[in-house]
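Working notes, beginning with the structure itself.
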Amino acid sequence: MLKLQGEKIYLGALERDDCKKTWEDAEYDFDNITEPLDIGRSIEKVDEWFEHLKKEHGNSHIWLGIFLKNGTIIGVIHLHDIDKKNRSCYLGMNISKLENRNKGYGKEAVKLLLEYSFNNYGMERISATTLETNISAQKSLEKSGFKLEGIERKSVYFAGKRFDKFRYGLLIEEYNKKNIEEAQTST
């Protein structure tokens, strides 16, 4: 079973109960709009989601749980729209509870998944998108080496307003260069 070990967290396989827990724990930050609210998301839908994850895992996406060292699941991170021919995909992540956000867990999860994706899974390009209002995600992506590649102007309608969607990308050569530079500055 895949387990990517970090300092404060690890990434591991999602079981049905993990999916249920993240679904139940999901909190929305109305003061920091990060994505459209998923209104009416019933707990019964967890089984459908889990079956979809099992069916498509490794083909079009990879979903992993973000776990604290004590085994508590706090969120999910995933690669989706995996294109094995072109060695590209999209990255997505969610930390369920507000109390677990902005503690570095997401940054560490991204670091672990990028390492795996580029060095073990064969990806050469990883993309990510976020709303213009999600400043913490933008900073996290940029610190991880992602470059802002474009803005989809007013492409998301939510809460009576239109928002820009920011599109980011990271190439394997940029990722490797960043890691070499970080290694040189730490010695």
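When +1 charges are put on Lys and Arg Cβ atoms and -1 charges on Asp and Glu Cβ atoms, the dipole computed for the chain relative to its Cα centre reaches about 320 debye. The alpha carbon centroids of segment 113-187 and segment 53-109 are separated by 14 Å. Descending by average beta-carbon neighbour count within 10 Å, the peptides 19-27, 49-57 line up as 19-27, 49-57, the highest first. Report summary: the helix-based calculation at 222 nm, which adds -39500 (n - 2.57) for every DSSP H run with n ≥ 4 and divides by the residues of the chain, gives -10000 deg cm²/dmol.
Placing one equal scatterer on every Cα of the chain and applying the Debye formula, the log10 ratio I(q)/I(0) at q = 0.09, 0.10, 0.16, 0.17 Å⁻¹ is -0.33, -0.41, -1.11, -1.26.
Rule-based calculations on the coordinates, nothing more; no lab input. The model shown is predicted, which means the values in this text are computed figures rather than measured ones. Quick reminder, even Gly has a Cβ in these numbers, built from the backbone with ideal geometry, and neighbours come from all protein chains shown.
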